[in-house]
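The values are calculated or read from the model by the stated rules, or taken from the named source; none is laboratory data. Predicted model only: the values in this text are computed from it and were never measured. For neighbour counting, all protein chains shown are included, and Cβ atoms are generated from backbone atoms with ideal geometry for every residue, glycine included.
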Amino acid sequence: MQFWDCQNLSELKIDNFNTSNCERFFLMFSGCKNLEQINLKCFSTENGKLFMYMFKDCESLKELDLSNFNTKKAAVMMHMFENCINLEKLDISNFKCDKLMVVFDLFKGVKKLKELKMPLALAQRLEIQGIQVECENIIKTDQTPLTKFILAKTIPNTGHFNIFEINLETDEEKILFEDQDNFDNYTNSY
């Protein structure tokens, strides 16, 4: 929540901001309504497991390059770009979804997107889950197809969930964790 709700912030360049041990990127720039430019080239995300509401309501951002983001350990991506109403160009070409178990409303309220670069596996994951992306031009980078993915399914009336691995080639589901009430057991297993 480093820059959360800094409504008057219009430009941000992060050069010496050490995030190498950060596991939770939660509300980091959310609510920065006047943020027009952000340089995250030196931003380290290799240990990030939770990416939630990171750029939500950054209404003035028109372009965002996250091609250097390392999401190989990411378990949850929710509402990351929600209500970035003027976002026209987004590069998430390096995003990995091997460990993702929850992907929800990444692009909710993003209506002006003209160019989106993302890996084929992530595009397939979004399609499988029925997540809509309004964009004129989706460029699918890294043509490695999705062969399996991890999914959390809620257990009715409990607030708990089971974590499954789903193999798209065989249609098999394998339970990884049962009756969980938080993501810590799963995210601490790697």
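Tabulated data
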read-out	value
Qualifying position, being more than 30 Å from GLU173 (Cβ to Cβ), assigned by TED's automatic domain parsing to the domain that holds VAL133 and not aliphatic (A, V, I, L, M), among LYS49, LYS72, LYS56, LYS96	LYS56
Extreme residue, nearest to LEU151 (Cα to Cα), among residues of the range 53-76 that are in contact (Cβ under 8 Å) with a residue 60 or more places away in the chain and assigned to a loop (DSSP other than H, G, I, E, B)	ALA75
Every pair of residues 6+ apart whose Cβ atoms lie under 8 Å, when the first sits in the range 155-173 and is closer than 18 Å to LYS99 by Cα and not assigned by TED's automatic domain parsing to the domain that holds MET101 while the second is of a type in the set (Ser, Thr, Tyr) and surrounded by 10 or more Cβ atoms within 10 Å (Cβ to Cβ)	PHE161/THR154; ILE163/TYR186; ASN167/THR147; LEU168/THR147; GLU169/THR147
Subset of the range 96-125 [out of contact with any Cys (no Cβ under 6 Å at 6 or more places or on another chain), under 21 Å from GLN37 (Cα atoms) and assigned to a loop (DSSP other than H, G, I, E, B)]	LEU106, PHE107, LYS108, GLY109, LYS111, LYS112, LYS114
CYS42 vs. criteria within 20 Å of the chain's Cα centre (by Cα), assigned by TED's automatic domain parsing to the domain that holds THR71 and either in a strand (DSSP E or B) or closer than 18 Å to PHE81 by Cβ (or both)	no
Out of GLN124, GLN180, sole residue that is modelled with pLDDT under 85 and either surrounded by 15 or more Cβ atoms within 10 Å (Cβ to Cβ) or touching a Gly at 6+ places or on another chain (Cβ under 7 Å) (or both)	GLN180
Those residues of the range 33-55 which are hydroxyl-bearing (Ser, Thr, Tyr), closer than 18 Å to PHE17 by Cα and crowded, with 18+ Cβ neighbours inside 10 Å, in sequence order	THR45
Residue match in the range 9-21 (condition: in a loop (DSSP other than H, G, I, E, B) and within 16 Å of the chain's Cα centre (by Cα))	no
Near pairs, Cβ below 6 angstrom, 6+ apart or cross-chain, from the range 1-19 (within 20 Å of ASP57 (Cα to Cα)) to any residue that is surrounded by 12 or more Cβ atoms within 10 Å (Cβ to Cβ) and charged (D, E, K, R)	GLN7/LYS33; SER10/GLU36
